[in-house]
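S.K.: Take a look at this one; I'll ask things after.
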Protein chains: 2
Amino acid sequence: MAFFFERLKTDGSTQARLGRVSTDHGTFLTPAFMPVGTLGTVKSLTPEELVGVGVEILLANTYHLYLRPGHETIERLGGLHRFIHWERPILTDSGGYQIFSLGDLRKISEEGVTFQSHLDGSLHFLTPEKVVEIQRALGVDIAMVLDECIPYPSPYEYAKVSTERTGRWARRSLQALREGDPALFGIVQGGVFRDLREESARQLRDLGFSGFALGGLSVGEPRNLMLEILEWTTPLLPEDAPRYLMGVGTPRDILDAIMQGIDLFDCVLPTRNARNGSLFTSYGRLSIKQARYAQDDRPIEEGCGCYTCRHYSRAYLRHLYLSKEILSSRLNTIHNLFYYLGLLKKIRAAIDGGTLLDLQRDFLRQWDADDDAKEIAET
Amino acid sequence: MAFFFERLKTDGSTQARLGRVSTDHGTFLTPAFMPVGTLGTVKSLTPEELVGVGVEILLANTYHLYLRPGHETIERLGGLHRFIHWERPILTDSGGYQIFSLGDLRKISEEGVTFQSHLDGSLHFLTPEKVVEIQRALGVDIAMVLDECIPYPSPYEYAKVSTERTGRWARRSLQALREGDPALFGIVQGGVFRDLREESARQLRDLGFSGFALGGLSVGEPRNLMLEILEWTTPLLPEDAPRYLMGVGTPRDILDAIMQGIDLFDCVLPTRNARNGSLFTSYGRLSIKQARYAQDDRPIEEGCGCYTCRHYSRAYLRHLYLSKEILSSRLNTIHNLFYYLGLLKKIRAAIDGGTLLDLQRDFLRQWDADDDAKEIAET
């Protein structure tokens, strides 16, 4: 599949870049945020609604789609885009993170990983080659290599062994590529150890992937450590390829990472929080279940242009949430994704206009400084 | 509130009527089907989607909205239409059916009914006057009187006592009406007893309501008995007021009832079935979870013009259903309501064109004769 990354602009005072990725399913601008559509649907929304809030690229999950409904079924039905009625680019995570989250249910060897399905306990064996094959069958635009996501904390010795194996798997993944396959991204691992991170980044760079992801972050390590790891790693990655920080994060995390040269993000935060009644605003998050909103006629955020804020009061949203109505998840998800995608749009405009530091200052002035801490407590 | 019913056409060979109801929130054609929006939302859909599938009038529930979020809250927020972002007519059921479903949790007296909330066990006392007051606060277009819904089967003696009390309550409800209140519909009760049904119908007719409902049907009695009760009752109701068969029913029930002169319906069947993966087609119902649809690339029904059928395969809908994805409820509900509203539209056109018997013949030829029996088994 076609894949092309252009740097349109580089911020003078930070590492931030404005870019454009071209694929067979159209282009998207970076920095970009990908909503998570694990099973081929961003929970509660239609593709038209995703487009409506500004989504340009979607993330789905190889592990989940492999188990259900199966990549062969999706291939027979014309590929993932057609199956889920989404015509724009799709990136699939490899399933590394999900498989290694299974704990005792999986066993790793040089060849690959054996695991039990979280659905029915059936045994499965995935190799780097097989994971490329599955993503080929899905027909996605961007595929991720199979990696081992190292838990936090892990001892240095284990991180070293694991990162080296992930490196060998990355090489095998590239070798498994065929003409017409999705663009393949490598995943930098190395835990929280500088030499391992650097070694992993150099190795992947030399192998020559279409893009480079940073994995194993946002898994419980302190926020400052995550930013430090970005500082070590990003400069070692090629400038002419997109950089993807997997599974991150809060609006503040995303802004900070963009300033360190990251181009691509995915996270369940806006969608999962929405279903839990936690709504993003410029001032931090708002928990819609609180009694103080029972008769509050205002929208979630004054001036917000999303469908939810244009038509519904906090009082109605609270009523839907407490009544466990499906519409609650929908309206909240629309708002939170509109917020995230809107923030990314503003950031891109600021990079373009050379005003990213101003944006950061305004953002931090408004944003509740305690919010990131609350986040950890609430979710 | 303004309320006006015009008979536009009467079918020559059946009792069916084509009509138009005018309210302060616009007009709607009859026969009409009202989707059930118990708590101020038709589960999983937005108002725009309801309009998109052809909904012209919505049903909500007095009992549920009284308990949560409370009619006073809704009144303070500008009324139910504004609260739920629905600009067209709304009818509220009185809550009689819900309260009498509570069994041991309610106690009836001449004055009214005491019951415990199904939410928190709190004690409440509702009278016919209070129920009018609640619906006034909600600001709906059509209000229903408080009635006692007699269970099936019930002994004659109980049905007689109850029906007479419901009659006295109907009179009190009318007396409680003020200038500018919603149009008020009486509810014919009488169980399955001809003399009680007839007496109830005559009494309500003489009291002079804006419309007349038949209650206490579709509560477990045989289908033929329900149709027989319609035959006894409908001729006694005024021709120049709408007739509403509460809580009914299957497509076949609705068609039969329209041919006996019924104008208005509500039922949870299309929406609840949708959430359970049971989808309406011209041939009967289709259970989307079945393995035979796992790789079926066809829409639910070929030729259906609904959003779901235009974009999604049975295979994807099955995948969403088995994965318990929220989008499953949405796409299925859109299809089922499109089917119901489309059937009503065809019936209205057939009354207008004098071809209702042809429509009935074609409907019965296609419709799976066993479907109504299966329905009872599955839901």
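S.K.: Just grab the label-to-label distance for A:ASN276 and A:GLU231, each label 7 Å out from Cα along the Cβ direction, in nm (one decimal).
M.R.: Calculated label separation equals 3.0 nm.
S.K.: How would A:LEU126, A:LEU77 line up from fewest to most surrounding beta-carbon atoms within 10 angstrom?
M.R.: A:LEU77, A:LEU126
S.K.: Under the rule of at least 5 residues apart or a separate chain, name every residue whose amide H is placed under 5 Å from the amide H of A:ALA60.
M.R.: A:GLY37, A:LEU91, A:THR92, A:ASP93
S.K.: Taking a spot 7 Å from the Cα of A:GLU179 along the direction of its beta carbon, which residues of the stretch A:117-145 have an amide N less than 15 Å from it?
M.R.: Taking a point 7 Å out along Cα→Cβ of A:GLU179, no residue of the stretch A:117-145 has its backbone N under 15 Å.
S.K.: What residue of chain A has the nearest C-beta to the axis that moves A onto B, and what is that distance in Å, given as a whole number?
M.R.: Spelled out as residue then distance in Å, it is A:ILE326, 3.
S.K.: Take the alpha-carbon centre of the stretch A:189-248, take the same for the stretch B:110-186, and report the distance between them in whole Å.
M.R.: 67
S.K.: Then there's this: Placing unit charges on C-beta atoms (Lys and Arg positive, Asp and Glu negative, everything else neutral), compute the dipole magnitude of the stretch B:1-127 about its Cα centre in debye, rounded to 20.
M.R.: For the stretch B:1-127, the charge dipole is close to 200 debye.
S.K.: Taking the Cα centre of chain B as the origin, how large is its charge dipole in debye, to the nearest 20, when only Lys and Arg (+1) and Asp and Glu (-1) carry charge on their Cβ atoms?
M.R.: That gives a dipole near 720 debye.
S.K.: I need the P(r) histogram for the protein assembly as shown: all alpha carbon pairs, bin width 10 Å from 0 out to the longest distance, whole percents.
M.R.: Once binned at 10 Å, the Cα pair distances of the protein assembly as shown give 3, 13, 21, 21, 16, 12, 9, 5, 1, 0.
S.K.: For peptide B:35-45, how many partner chain Cβ atoms fall within 10 Å of a residue's Cβ, on average? The partial results should precede the final answer.
M.R.: Values: counts 0, 0, 2, 2, 7, 6, 10, 3, 3, 6, 3.
That works out to 4 on average.
S.K.: Can I get the semi-axes of chain B's equivalent ellipsoid? Compute them from the C-alpha gyration tensor as square roots of 5 times the eigenvalues, in angstrom, largest first.
M.R.: So the equivalent ellipsoid measures 32, 24, 21 Å along its semi-axes.
S.K.: Tell me, what HN-Hα J-couplings in whole Hz come from the Karplus equation 6.51 cos²θ - 1.76 cosθ + 1.60 at θ = phi - 60° for each residue of the stretch B:237-247, using x for Gly and Pro?
M.R.: 8, x, 6, 9, 9, x, 10, 10, 9, 6, x
S.K.: Just rank B:LYS43, A:LYS345, fewest to most, by other beta-carbon atoms within 10 angstrom.
M.R.: A:LYS345, B:LYS43
S.K.: Also: I'd like the FRET efficiency for A:GLN116 and A:ARG202, computed as 1/(1 + (r/R0)^6) with the beta carbon distance as r and R0 of 30 Å, rounded to 0.05.
M.R.: Plugging the Cβ-Cβ distance into 1/(1 + (r/R0)^6) gives 0.30.
S.K.: Next question, about the same structure. With +1 on each Lys and Arg Cβ and -1 on each Asp and Glu Cβ, and nothing else charged, work out how big the dipole of the stretch A:277-368 is about its Cα centre, in Debye to the nearest 20.
M.R.: With Lys and Arg at +1 and Asp and Glu at -1, about 220 debye.
S.K.: Can you tell me which lysines have their Cα less than 18 Å from the Cα of A:LYS43? Leave out same-chain residues fewer than eight positions away.
M.R.: A:LYS324, B:LYS43, B:LYS324
S.K.: How much of the DSSP beta bridge set in the stretch A:27-167 is antiparallel, as a percent to the nearest 5?
M.R.: Working: 7 of 14 bridges.
Counting DSSP beta bridges with both partners in the stretch A:27-167, the antiparallel share is about 50 percent.
S.K.: What is the diffusion coefficient of the stretch A:1-81 in µm²/s, taking the Kirkwood radius over Cα pairs and the Stokes-Einstein relation at 4 °C with a viscosity of 1.567 mPa s?
M.R.: 89
S.K.: Sort B:ASP263, B:ASP104 so that the residue with the fewest other Cβ atoms within 10 Å of its own Cβ comes first and the one with the most comes last.
M.R.: B:ASP104, B:ASP263
S.K.: Obtain the nm distance between the two label points defined at A:THR73 and A:THR10 by a simple spin-label model: each point lies 7 Å from its Cα along the Cα-to-C-beta direction.
M.R.: Reported label-point gap for A:THR73 and A:THR10 is 4.8 nm.
S.K.: What is the antiparallel percent of DSSP beta bridges lying wholly in the protein assembly as shown, to the nearest 5?
M.R.: The answer is about 50 percent antiparallel.
S.K.: Here's another thing I want to ask about it. Calculate, in whole percent, how much of the Cα-Cα pair population of the stretch B:274-371 lies beyond 15 Å.
M.R.: Here the tail beyond 15 Å accounts for 62 percent of pairs.
S.K.: Roughly speaking, what is the centre-to-centre gap between the stretch A:309-336 and the stretch B:1-65 when only Cα atoms are used, to the nearest Å?
M.R.: 24
S.K.: Still on this structure: Per residue, what volume in Å³ does the convex hull of the Cα atoms of the stretch B:179-226 enclose?
M.R.: On the way: hull volume 3.5 nm³, N = 48.
Cα convex hull per residue, to the nearest whole number: 73 Å³.
Quick note: the coordinates plus some simple rules give every number you see, no bench work behind them. Note that the structure is predicted; figures quoted are calculated from it, not measured. Using ideal geometry, Cβ is built from the backbone for each residue, glycine included, and neighbour counts are taken over all protein chains shown.
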